[in-house]
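The values are calculated or read from the model by the stated rules, or taken from the named source; none is laboratory data. None of these values were measured; they are calculated from a predicted model. Cβ placement follows ideal geometry from the backbone for every residue including glycine, while neighbour counts extend to all protein chains displayed. Surface areas here come from the heavy atoms of the whole protein model, side chains and all, with no ligands, DNA or RNA. Shrake-Rupley method; radii C 1.70, N 1.55, O 1.52, S 1.80 Å.
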Protein chains: 2
Amino acid sequence: MADLTTLDDLFVRKLRYVYDAEQRLTKALPKLAESARSSVLKQAIETHQMETQTHVARLEQLFGILGTKSNADTDDAIKGLISAAGDMAGLHGDDAVRDAAIISAAQEAEHYEIAAYGTLRTWARLLGHGEGAQLLERTLEEEKKADQKLTEIAGALNLQAATSHAR
Amino acid sequence: MADLTTLDDLFVRKLRYVYDAEQRLTKALPKLAESARSSVLKQAIETHQMETQTHVARLEQLFGILGTKSNADTDDAIKGLISAAGDMAGLHGDDAVRDAAIISAAQEAEHYEIAAYGTLRTWARLLGHGEGAQLLERTLEEEKKADQKLTEIAGALNLQAATSHAR
């Protein structure tokens, strides 16, 4: 295990995990969108995939501000979350039920990112990285909105899924 | 991949993942508490470990109500989150910085659980499992409180961590 002497070290290390997470998501989200049956869900995932590319670019901008290389460190947490989402997307059965499963996994990944960006934004502020804190805050808000959008879509889809066996 | 015909199937499948997640957490949390340096953080993790045992028991009660066996399905998401937390707990360096790292990982796991229980509670309501929805709601509230507690502790610890290099 590497040494961590200051919160600045931890901040950069955590940024590298999130940088890895966002890169993995840019690859995983198109597959998830492809598996979705509802066109509304498909579009929401595609929109978030584009936002995710912006999040990658923002992190690169932040590494630049900090004068650190844009290196990624393997993020075990997102690997697990993406693997779980893949399991959900691979399920066979009723379309609405499968879409409900995809949303549940996507929201778990969103919540993970909300926690991670919340921590990073707080650390950036404490460390006096004003511009960095603003970049992280913008991504955090987009993650929260993406989660809310999924909750909205889930509202209609879950109802459809709950009654699917009666069709 | 197994078949999913109804939301009830998905509900039970998801319960089995969460059942696995809670069981893994009951084993992981004592190690995380041991790694924490702050006594307040240590105690908060220990308290949550006891709550986690209650969450396991509640899930078993729920399986009983549904007339299904209490089987666990490997939850890749929590495996990844616990592995990431282990990396954080294994870091060397300033005590406050390491504790800040532990809190960040613990909050990511909490957020994952909040998302999972939120989905399960919603599905239980839709499916007319009133008693089950109440059990899930109680756990969800405890997860949210545990997350808030960690945010409170992080407030003081982060400040300490931010100034640690100046000591």
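Checked against the criteria, residue B:108 does not count as more than 8 Å from chain A (Cβ to nearest Cβ) and in a helix (DSSP H, G or I). Considering only residues that are among the polar types (S, T, N, Q) and out of contact with any Asp or Glu (no Cβ under 9 Å at 6 or more places or on another chain), which ones fall in region A:123-151? A:134, A:148, A:151 - these are the residues of region A:123-151 that are among the polar types (S, T, N, Q) and out of contact with any Asp or Glu (no Cβ under 9 Å at 6 or more places or on another chain). Residues in region B:37-60 that are outside any helix (DSSP H, G or I) and surrounded by 19 or more Cβ atoms within 10 Å (Cβ to Cβ): B:38 only. Is it true that some residue in region B:3-24 is within 30 Å of residue A:93 (Cβ to Cβ), surrounded by 18 or more Cβ atoms within 10 Å (Cβ to Cβ), polar (S, T, N, Q) and within 14 Å of the chain's Cα centre (by Cα)? Among the residues of region B:3-24, at least one is within 30 Å of residue A:93 (Cβ to Cβ), surrounded by 18 or more Cβ atoms within 10 Å (Cβ to Cβ), polar (S, T, N, Q) and within 14 Å of the chain's Cα centre (by Cα), which makes the answer yes. For region B:88-104, the candidate set comprises residues that are at the interface with chain A (Cβ under 7 Å from one of its Cβ atoms) and not in a strand (DSSP E or B); within that set, the residue that is nearest to residue B:28 (Cα to Cα) is B:90.
Being touching a residue at least 12 places away in the same chain (Cβ under 8 Å), assigned to a helix (DSSP H, G or I) and open to solvent by 40 Å² or more (accessible area, probe 1.4 Å) is the filter here; which residues of region A:61-75 pass it? Residues satisfying the conditions are A:61, A:65, A:66. Among A:81, A:157, A:120, A:135, which is the only one that is assigned to a helix (DSSP H, G or I) and surrounded by fewer than 24 Cβ atoms within 10 Å (Cβ to Cβ)? When all the criteria are applied, what remains is A:135. Out of all the residues in region B:10-41, which are charged (D, E, K, R), closer than 21 Å to residue B:78 by Cα and either free of Cβ contacts under 8 Å to residues at least 12 places away in the same chain or within 14 Å of chain A (Cβ to nearest Cβ) (or both)? Matches in region B:10-41: B:13, B:14, B:16, B:20, B:24, B:27, B:34. Residues in region B:138-154 that are open to solvent by 30 Å² or more (accessible area, probe 1.4 Å) and either free of Cβ contacts under 8 Å to residues at least 60 places away in the same chain or within 23 Å of residue A:5 (Cα to Cα) (or both): B:141, B:144, B:145, B:148, B:151, B:152.
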